[in-house]
Amino acid sequence: MREGILVKPYERLEQEQLERIHEASLSILRDPGILSYNKEAVEIFDDNGAEISAHTEYWRISIPEGLVEESVKHAPSVVQLGARERENRLILDGREPRVRFGTGSEANIILDIAVEDFVSEETGIKRSFPVFQRRRGTIQDLCQAAHLCEHLPNVDFFIRTVNIQDEDITEGNKDVNKFFASLNNTKKHVMAGLTNVEKLDDVIRMAEIISGDNNEPVISFITCVTKSPLQFVEDTTQNLIEIAKRGYPVSISASPQGGSTAPLQEAGMLAQLNAEILAGITLAQLVRKKTPVLYGSVPLRVRMDNLDNMYGAPETNRYNIDGVQMARFYGIPCYSTAGIGDSRFPGIEASVNKLLSHLFIALSGAQYIHYAFGLLEGTNTFSFEQAILDDVHIGMIKSMLKEQRIEEELQDSLTMIREVMNTSHKMFTRYARRYLHAGDVIPFYPFEGDANETLLKVKARNEELLSSPVDEIPEEIKKRIFQEFDVLERIK
Amino acid sequence: MVKISNELIEQINENVIKGRRHKEDEDFEGGSVGEPGVEELVEEALKGGVKPKEIIGCINEAMEVVGKKYETGEFFIPDMMASAEAVSAGMDVLEPYLSSTGESMDKFVIATVEGDLHDIGKNIVALLLKGAGFNVIDLGTNVPADKIVETVRAEDAKLVGLSALLTTTMRRMGEVVEKLRAEGIDAKVLVGGAAVSVSYAAEIGAIYCKDAFGALEAVKND
């Protein structure tokens, strides 16, 4: 099992403030309530005592406080996520600040690095430089991203990183293809959104064929049920209803934008974010009690020059830290957000931007941190090289936040100090070896160099990892899948 | 008997690689405590009649393996140092046997120069050279030029290593070289430390070593 790192959480809010936010969210859900563009959701709330008023294109659902509170109680605190390899499974406990990192987004663009030689006009010296190339993502990229993440030790779960935009990918075959591309290349837990709810049963059946006797689901889902502010979207709400009917784990994510689709100030943002997520959780529990849900907190601030998302804004971090605390208030595992920045290129700026959130969201104790690897330019672009850099940095954060072992280390250390003081060199190096060889410490930063050298080194590492094989799904199971589902032959 | 000595040689080799001086030492994975280390094994081998030369050959082979593991990234400086320490422990046991057979090891006098107390680099060099089979005479830190020259002459050492971290104390290195030459001593002088540069070394007639491996290379090329 991937245990995660248990942290002493950094928290901004007192218990009383959490309760105030909770009450504010309940009051929002009653008035103005949720505007629903999905009819079945309206019927479900109607059957459970909510007040409904019909408008031309939508219904307004005024949800009673008691209904929300009662429903949230049914959401399990422990959510189990399986994986093709048992050592990779995750047990998320919403009451315990145990941190894990994974990928995320469905970036449209892949940023490649090519190497070109340039000759200095002044000295005539030739040097190699990285040159960036952008292109649309394909299913092959998704296979390779999963392959890379299988090899990155700090990726704890895999969420499809790339939007597959091949010509032969249709609305009808996109879901089975993205799940297969992911599952075939990584033995870690796989999560994704659903393109076509009619294909849900195909995806589930395919996952069950792959997982065999494994009782825990090797896949789970994400639905962004609400469009901020406070509107149930027709298709994603339907996705949630159908996933909940089948009892599959689902992250109910909300992504209000401070300054445009949500208040900029912390309190207003948090009350709305919480209301949107609680509305989704309530719906899921009304469809099927004990549906395993994740509290999907993806708030952010917008830029003031063009109202585009500004993931690197300090407020984005602040909202996210609060979101994690709110999830813990309910004892529901938090699908949180870190590692996105505004930089367009891999390397130093991107890493600095990302580290602010990697570090603080980890400190806040989120159980399931998505978006953490390889994203650039918000969530628009995925870079394999940046994913490798992020893996190193997240490894450092995990190491930094490791639980202390003072008791067991102390006696050993005293013996060591006494022994070393008897030597001529007075060096503790020999005693560092066991930690070094156990992989407990990174020996040095692996990509040292100026900005260009670093990228060239990371590029070489990416090529090395992609050429190192992964354990794919066994042939006989693959054969069955290709017979039953419309999975593209070329990713077999 | 042959079988036993072969086994011992193999164990010495293994324990040099594991960096275990004696039975209390752990290996690089934190294990092996209680099993004989290089010190005990060399002693046993000598008692069993194994020739010192054979033991030295085995130790050299083991250190080559360690060096290769370092080059491929499997081993790090702490491993190299632990192995060098293990070799040094073995050499201490071997030394009386070597002098009785007339064999001897090359001498290397090393010191941090006067005014400077920084000795991490100097200690690493001293250890690695011990591991490479040199008889290292470590004079410590803040050592006056006269003391260094006196020791080199008394020991008839052909190699001298000087270390300094500070630009202010670095100048003392030149003084040591000058005094050595004035006494007619032509020992090879290796210099290193954060303040030292290739050009400074050239200026004073010494060999610049970027790090401990530079020092190893320099003495091997001797």
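Read-outs throughout are calculated quantities, based only on the coordinates presented, and are distinct from any laboratory measurement. This structure is a prediction, so every number in the text was calculated from the model and none was measured. Every residue, glycine as well, gets a Cβ built from its backbone with ideal geometry; the counts of neighbours run over all protein chains shown.
The table below gives the values:
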quantity	calculated
Average beta-carbon neighbours from other chains, 10 Å sphere, peptide A:427-440	6
Size of electric dipole in region B:2-100: Cβ of Lys, Arg +1 and of Asp, Glu -1, about Cα centre, debye, nearest 20	340 debye
Percent breakdown of C-alpha pair distances by 10 Å bin, ordered from the shortest bin, for the protein assembly as shown	3, 13, 18, 18, 15, 13, 10, 6, 3, 1, 0
Simple label model, 7 Å out from Cα along Cβ direction - A:THR423 to A:GLU208, nm	6.1 nm
Length gained when the stretch A:LYS39-A:LYS290 is fully extended (0.36 nm per residue, less Cα-Cα span)	88.1 nm
Between 0 and 90°, nearest 10: helix B:77-100 axis offset from chain B longest Cα axis	80 degrees
Qualifying lysines (Cα of each under 26 Å from Cα of A:LYS478; at least 8 residues distant if same chain)	A:LYS174, A:LYS178, A:LYS187, A:LYS188, A:LYS199, A:LYS492
³J(HN,Hα) computed for each position of region B:169-180 - Karplus, 6.51 cos²θ - 1.76 cosθ + 1.60, integer Hz, glycine/proline x	7, 3, 4, 4, 4, x, 4, 4, 4, 4, 5, 4
Separation between Cα centres of region A:119-148 and region B:152-166, rounded to whole Å	50 Å
Euclidean distance of C-alpha centroids, region A:11-50 and region A:160-180, integer Å	34 Å
Beta bridges by DSSP in the protein assembly as shown, antiparallel share as percent, to the nearest 5	40 percent
Equivalent ellipsoid, region B:1-115 (semi-axes from 5 times Cα gyration tensor eigenvalues, Å)	22, 20, 13
Partner aspartates and glutamates for A:LYS459 [C-alpha distance under 18 Å; skip if fewer than 8 residues away on the same chain]	A:ASP112, A:GLU116, A:ASP117, A:ASP141, A:GLU150, A:GLU349, A:GLU385, A:ASP390, A:ASP391, A:GLU448, A:ASP450
Two-site label geometry, A:GLU407 and A:GLU85: point separation in nm, points 7 Å out along Cα→Cβ	3.2 nm
Dipole of the protein assembly as shown, positive end: most advanced residue of A:ALA313, A:TYR58, A:ILE113 [Cβ charges, Cα centre]	A:TYR58
Inter-site label distance for B:LYS179 and A:MET1 at 7 Å from Cα along Cβ, in nm	6.7 nm
Pairwise Lys count, region B:2-100 - Cα closer than 24 Å, eight or more residues apart or different chains	15
Mean-position separation - Cα centroids, region A:261-297 and region A:63-88, in angstrom	13 Å
Estimated FRET transfer efficiency (A:ALA438, A:ASP305; beta-carbon r; R0 35 Å; 0.05)	0.10
Difference of contour (0.36 nm per residue) and Cα-Cα distance, A:ALA54 to A:LYS8	11.8 nm
Reachable aspartates and glutamates from A:LYS290, criterion Cα separation under 13 angstrom, eight or more residues apart if same chain	A:GLU70
Helical contribution to [θ] at 222 nm, DSSP H n ≥ 4, -39,500 (n - 2.57), averaged over chain A, rounded to 500	-13500 deg cm²/dmol
Low-density loop positions, trypsin sites (Lys or Arg not before Pro), region A:373-468 - DSSP coil, at most 10 other Cβ in 10 Å	A:ARG405
